[in-house]
Amino acid sequence: MGLSEATTKVRVVRGALGADAVEALREDAAALSALDPPTFENGCVVEPLRTPPSDEARVDRASYCAARDMRKNHALERILFETLPALAAEALRDWTTPKSHANDGSRREEDVYLFNEHYVVKPPSSHVSFKWHRDRDEQMPAGLVFCDDDTAYVSCWCALDACDESNGCLEFRDCGPVRCAPGDVVIFDSLVEHRSGPNATRNERRAYYAQYSRDPIVVGSPPSDGQVLPLRLAVPCASVARDRQLTSRYGVQADEALRYARRLQDDASSKAVTKDGSSSSEESSIVALVETAVTCLSSSQASSTAAAASWHRVADACWQILHDPRRHWSAAPVDARRLYEVAALFEAARLRDSKAALRALDLALMLGDGTHRSALLAAVEEHEANEFSPFGAADDEQGESPSPQCKRRRLDDDARRPVTGSIELVRLRRPSILAFGEAAFAPRMPALVEGIVGAWPAYRKWRDLGYLRRTAGHRVVPVERGRSYLDPTFSEELMTLGEFVDAHLTEADSRAYLAQHALFDQIPRLRADIAIPEYCCALSDNEDDDVAPPRLNAWLGPGGTTSPLHRDRYHNLLCQVVGSKYVRLYAPDQSDVLYARPKDGDDPHAEVSSQIVDIDDVDEARFPLFQAAPYRDCVLNAGEMLYIPPGWWHYVEARELSFSVSCWWT
């Protein structure tokens, strides 16, 4: 377990550089390498200038860009003087104490100076490595540089290829190797000890190295006339906060937030209402809230805490719109959902408490429309690295931790529902797509399929509650409370997955259920443990080639949790990973005797759920024909999956602690 960011002063920003930026840097590295090839003798370092720059180019952006011949490569200039300085400035602000002269109005916290840049291109099967060292010791010889202990600079190490131990990724003394994908940026303080190993692969390993200081680093003592000689470079970088394209570390523009807010303000349906249905009066419009939050980004006086609070107010305003009691949150204006995502990103980027940041990001992943999902996931990964498992995913190879003692509630044999259906269920053993199509999909016939789920990594891993806690125990999830979603006392509660495991799975609380949740969109590490059955991709009712991917939902709960009798409009493969469930199925032609809830504009379950909530306690006076309806039923065991065609009514009951995955498609 590595040290926290506050101690190590190392930060990994996943996906900080987009594909275009990575390609621009690769092209620049290739052009420079052609002029001065990387070798063992030069340490595989490719310098951007073959001759020392002029005095003017060392302190002036335009002159330096001319010397670097960037006039035809604006993307490279933006990376060097806008994108990376924004990341460096934030790290410097978080890790250092500003000097006294920073308060005289002559400079801003966001202003930084380009100190140095170069590429490291390790050829295939090369032996070049860098020993343990600190950049300040190597680059700032004692007695030759005007600086004090508070002089600060950071390095932005940009991966241009996938990097791991096999090709010489960065390794830090306190927190180990940092595996990177192209576009990831590792930021670290000049006093952090690090190294990198040789490239033992058959491919190049390219990285771009740019360093930024909070103040000019100069040779000797500064003369009285203010003219200084930079040690390397002291090129001022324009504050990104002054630019209209205000961005978070994840490439989302603050201008987007303003655009969403303005459209929302013009949308009468976005007005928040009180519980009695009347419109609420807010002192500030949502546009004003966003404008205030954007101003915090560009203000040198605003702290990270103040900026986070301003974006939290924007998120809270969106929350009120999304939870308008007149509609389901998913039917809220799409701009409210997108603004919620952006607000969460900017709030999380400025929160020092990674647990609070992860909560904000998780809520945005649940309530947003997915427009900014990749940015949200990148932000999650960064905060997870800082707080929980630095620079790597928690997995079962890190060593087993004791699982919580789980009562694993199992219904008594007398209480277990027996299989009593009068119609036999079709059973298939690893059928081909053709065989599955002919036996189940085409005739719309339920079928129990064996031999597929047992091959998933989840089948082995998820039985260990300790694995779930290590992998995602800190992530926030919605938990249903009550006997079912039709229970008058039904409610939802937000808690971490670890809290759910400890408070409800280990205690076998059958009135708590993580049900129908898009957990795998929220937590890709768990998504990697399963495989979408090929039947979902190969068979469809749609004739269009562009078919939406299956919707995956998680169902995790103790024995006794139920899904009342209902029907769906999707094809469904209910995949049982852990434990077992009793499932009862009624054909669509039995709908008249299953007593669907009548149409009601305010009832989301009308016509899809039965009025019979408890199949063991049926009011025969109200529902006289139900008991005679024929049905199929089965026990769905771990490693099996059940195909449920559209329109088929089904009742599901967990016989013990159970984890299922449903795959819905059309």
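The values are calculated or read from the model by the stated rules, or taken from the named source; none is laboratory data. Bear in mind the structure is a predicted one, so any value in this text is a computation, not a measurement. In this analysis, Cβ positions are derived from the backbone assuming ideal geometry, glycine residues included, and neighbour counts consider all displayed protein chains. The protein model used for the area step is the full one, side chains on, heavy atoms only, and it has no ligands, DNA or RNA in it. Shrake-Rupley method; radii C 1.70, N 1.55, O 1.52, S 1.80 Å.
For segment 557-592, filtered to residues that are touching a Phe, Trp or Tyr at 6+ places or on another chain (Cβ under 6 Å) and of a type in the set (Val, Ile, Thr), the residue that is nearest to Arg463 (Cα to Cα) is Val578.
Of the set (1) closer than 23 Å to Ala364 by Cα; (2) surrounded by fewer than 21 Cβ atoms within 10 Å (Cβ to Cβ), all apply to Ser540 but (1). Taking segment 430-467 as the range and being in contact with a helix residue (DSSP H, G or I) (Cβ under 7 Å, 6 or more places away or on another chain) and of a type in the set (Ser, Thr, Tyr) as the test, the residues that pass are Tyr459, Tyr467.
Just to check your reading of the model, which residue among Gly176, Gly226, Gly168 is at pLDDT below 95 and crowded, with 22+ Cβ neighbours inside 10 Å? Walk me through it before giving the result.
Numbers: Gly176 fails: crowded, with 22+ Cβ neighbours inside 10 Å; Gly226 fails: crowded, with 22+ Cβ neighbours inside 10 Å.
Answer to the selection: Gly168.
Residue-level check: of (1) touching a residue at least 40 places away in the same chain (Cβ under 8 Å); (2) outside any strand (DSSP E or B); (3) farther than 17 Å from Val593 by Cβ, Ile612 misses just (3).
Regarding Glu543, is this residue part of a loop (DSSP other than H, G, I, E, B), farther than 30 Å from Pro588 by Cα and more than 29 Å from the chain's Cα centre (by Cα)? Give the steps one after another, and end with the answer.
Values: part of a loop (DSSP other than H, G, I, E, B): yes; farther than 30 Å from Pro588 by Cα: no; more than 29 Å from the chain's Cα centre (by Cα): yes.
Answer is no for this residue.
Does segment 416-475 hold any residues that are closer than 25 Å to Gly560 by Cβ, open to solvent by less than 20 Å² (accessible area, probe 1.4 Å) and without any contact (Cβ under 8 Å) to a residue 60 or more places away in the chain, and which are they? Selection gives Leu468, Ala472, Gly473.
Pick from segment 303-326 the residues that are of a type outside the set (S, T, N, Q) and open to solvent by 60 Å² or more (accessible area, probe 1.4 Å): which of them is farthest from Leu351 (Cα to Cα)? In this case the residue turns out to be Arg326. Checking Ala349, Ala364, Ala309, Ala336 one by one, the residue that is closer than 19 Å to Val477 by Cα and not acidic (Asp, Glu) is Ala364 and no other. The test for being open to solvent by 10 Å² or more (accessible area, probe 1.4 Å), part of a helix (DSSP H, G or I) and at negative phi does not hold for Asp600. Scanning segment 154-196 for residues that are under 20 Å from Leu17 (Cβ atoms), of a type in the set (Val, Ile, Thr) and assigned to a loop (DSSP other than H, G, I, E, B) yields one hit, Val178. Note on segment 476-496: residues that are touching a residue at least 60 places away in the same chain (Cβ under 8 Å) and either on the phi > 0 side of the Ramachandran plot or in a loop (DSSP other than H, G, I, E, B) (or both) amount to 5. Restricting segment 632-663 to residues that are surrounded by fewer than 19 Cβ atoms within 10 Å (Cβ to Cβ) and touching a helix residue (DSSP H, G or I) at 6+ places or on another chain (Cβ under 9 Å), the residue that is nearest to Gly437 (Cα to Cα) is Pro646.
Scanning segment 341-374 for residues that are open to solvent by 10 Å² or more (accessible area, probe 1.4 Å) and outside any loop (DSSP other than H, G, I, E, B) yields Glu347, Lys355, Ala356, Arg359, Ala360, Leu363, Leu365, Met366, Leu367, Arg373, Ser374. The set of residues in segment 197-218 being touching a helix residue (DSSP H, G or I) at 6+ places or on another chain (Cβ under 6 Å), open to solvent by 10 Å² or more (accessible area, probe 1.4 Å) and assigned to a strand (DSSP E or B) consists of Arg206 alone. Evaluation of Glu499 against the conditions (1) of a type in the set (Asp, Glu); (2) open to solvent by 10 Å² or more (accessible area, probe 1.4 Å); (3) part of a loop (DSSP other than H, G, I, E, B) shows that the sole unmet condition is (3).
When Ala385, Ala349, Ala379, Ala356 are screened for being free of Cβ contacts under 8 Å to residues at least 40 places away in the same chain and within 20 Å of Ser304 (Cβ to Cβ), only Ala356 passes. Filtering segment 320-340 to residues that are without any contact (Cβ under 8 Å) to a residue 40 or more places away in the chain and part of a helix (DSSP H, G or I) leaves Trp329, Ser330, Ala331, Val334, Arg337, Tyr340.
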